[in-house]
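Report on the structure given below.
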Amino acid sequence: MANFKTKVCIIGGGPSGLMLSQLLDLKGIDNILLEKHTREYVLSRIRAGVLEHGFAELMREAKCGERMDREGEIHEGFFIADNGNMRRIDLSGHTGGNSVVVYGQTELTRDLYDARAAMDGTVIHEAENAALHDITSDKPVVTYSKDGEEHRIECDFIIGADGFHGVSRKSIPVDKIREYEKLYPMGWLGILSETKPVSPELIYARHERGFALCSLRSQVLSRYYIQVPLTDTVEDWTDEAFWQELHRRLPGDVAGRMETGPSIEKSIAPLRSFVAEPMRYGNLFLAGDAAHIVPPTGARGLNSAASDIYYLYHAMMDHYLKGDSSGLDKYSETALARIWKAQRFSWWMTTLLHTFPDMPEYDRRLQETELEYLFSSEAAQTSLAENYVGLPF
Ligand code: RFL
Ligand code: PHB
């Protein structure tokens, strides 16, 4: 068995783990990152597209912002379509000039992997059977196997950044963690296509047949989603059927100018809200999707992961560079305060824009009233905008 020693052992090579690894390394804080899949596999997952201002800043601090600043698109607003009627939310105007960056999670993850490689960071792919030991002791241990060989890492802290299905959260005794969950009776079917986006800004569409979203990755790469029943599978949807359904849910002029083409990726994601409390157990700290999930409607998932990393990074710096552990002690409380606000906003956007099975007429009228109120009230638009661009860290 090979033995390693490090300060921080990070489990999970998604955006959360990579970002923290990079930031700590830049401050001379030694760390090892374990990822169970290959780099190619991680980069093949098409996920988030909208980064809030604070996330973009963190990418720059991690010295990974160059390509994002060059290729990412600044968006100062988005549209909400309601049964054919399109209205714009002016993000910038309602937040004193704030905006979001449209830059795919795939590209961002690639930039982080490249940065780790350029610094000779220790990123171990295809690390199997990761297991956490002695979590409440001063010297927790992570074991894993690679190429049939067992390895052991002794560290000061373990970071569980291994996503919703990871091993870290499950290593906390059930009586030491509380989980809150809400499942929505629907999923999002998403496609990526090499077509010109139908709109320079995102369109969130409410429609009686179900929600739809027009998003993009660049001026030659579109990302579209439609709400589907949980029972649907990707095989149920030909490209032709997808485009037809998307057209039906959008205002006529938008549908009329839409460029269609073959999908280069197609997947279904169920809608779920989830929070695990607390986010620390002994010397294990949870971050990102390992601790919380939101339905994608408010574009908060990756951005919430970023705020965890921001708090952890600062707490680790204080601990190692100043001998002050108060940030680590407050981490769970501080992170959760922001996480719950992202949960609230994501639930609100989801409830406002989706068609629920067997939805009472009363609820439908409330959705209409909520939208009417939103567009008649500067205060309501400001509230939406400040949440969408990201509440302060
Ligand atoms: P990830 O990305 O799931 O990465 C976790 C990593 O851990 C690895 N892993 C393990 N490694 C070692 N040992 C183990 N035992 C392990 N178990 C797991 C996994 O292989 C993986 O590489 O979590 P992370 O880093 O916390 O990042 C979270 C984000 O990926 C997620 O919140 C967002 O993608 C959510 N999301 C969106 N967020 C936004 O902020 N804006 C958006 O526009 C947005 N759109 C979306 C989304 C998520 C979507 N899906 C598919 C869920 C759109 C969609 C469709
Ligand atoms: C995306 O482009 O994948 C995307 C954008 C906004 C969302 C969710 C997903 O709210």
Quick one: which of Asp329, Asp324 is more than 9 Å from ligand 1 (Cβ to nearest atom), assigned to a loop (DSSP other than H, G, I, E, B), without any contact (Cβ under 8 Å) to a residue 40 or more places away in the chain and surrounded by fewer than 19 Cβ atoms within 10 Å (Cβ to Cβ)? Asp324
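What helices (runs of 4 or more DSSP H), lying completely within segment 21-82, carry at least 2 residues that are within 16 Å of ligand 2 (Cβ to nearest atom)? Steps first, please.
Numbers: elements: 39-43, 53-61, 66-71.
Those helices (runs of 4 or more DSSP H) span 53-61, 66-71.
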Does segment 236-253 contain any residue that is basic (Lys, Arg), more than 30 Å from Arg70 (Cβ to Cβ), part of a strand (DSSP E or B) and more than 15 Å from ligand 2 (Cβ to nearest atom)? no
Could you name every one of the strands (runs of 3 or more DSSP E) located completely within segment 162-218 that has at least 3 residues being in contact with an Asp or Glu (Cβ under 9 Å, 6 or more places away or on another chain), surrounded by fewer than 21 Cβ atoms within 10 Å (Cβ to Cβ) and modelled with pLDDT of 95 or more? 178-193
Look at segment 293-321 and say how many of its residues are free of Cβ contacts under 8 Å to residues at least 60 places away in the same chain, out of contact with any Asp or Glu (no Cβ under 6 Å at 6 or more places or on another chain) and more than 9 Å from ligand 1 (Cβ to nearest atom). 3
Please pick out the residue among Asp138, Asp82 that is of a type in the set (Asp, Glu), touching a helix residue (DSSP H, G or I) at 6+ places or on another chain (Cβ under 9 Å) and farther than 20 Å from Gly301 by Cβ. Asp82
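Quick grid of which residues meet (1) touching a strand residue (DSSP E or B) at 6+ places or on another chain (Cβ under 9 Å); (2) of a type outside the set (A, V, I, L, M, F, W, C):
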| position | (1), (2) |
| --- | --- |
| Asp162 | yes, yes |
| His165 | no, yes |
| Lys170 | no, yes |
| Val174 | no, no |
| Arg178 | yes, yes |
| Leu183 | yes, no |
| Gly187 | yes, yes |
| Ile191 | yes, no |
| Glu194 | yes, yes |
Among residues of segment 18-35 being in contact with a Gly (Cβ under 8 Å, 6 or more places away or on another chain) and either within 10 Å of ligand 1 (Cβ to nearest atom) or of a type in the set (D, E, K, R) (or both), the residue nearest to Leu189 (Cα to Cα) is Glu35
For the list (1) in contact with a helix residue (DSSP H, G or I) (Cβ under 7 Å, 6 or more places away or on another chain); (2) surrounded by 13 or more Cβ atoms within 10 Å (Cβ to Cβ), I need the number of the one condition that Trp340 fails. (1)
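The values are calculated or read from the model by the stated rules, or taken from the named source; none is laboratory data. Model, not experiment: these values are computed from the prediction. All Cβ positions, even for glycine, are placed from backbone atoms using ideal geometry, and neighbour counts span all protein chains on display.
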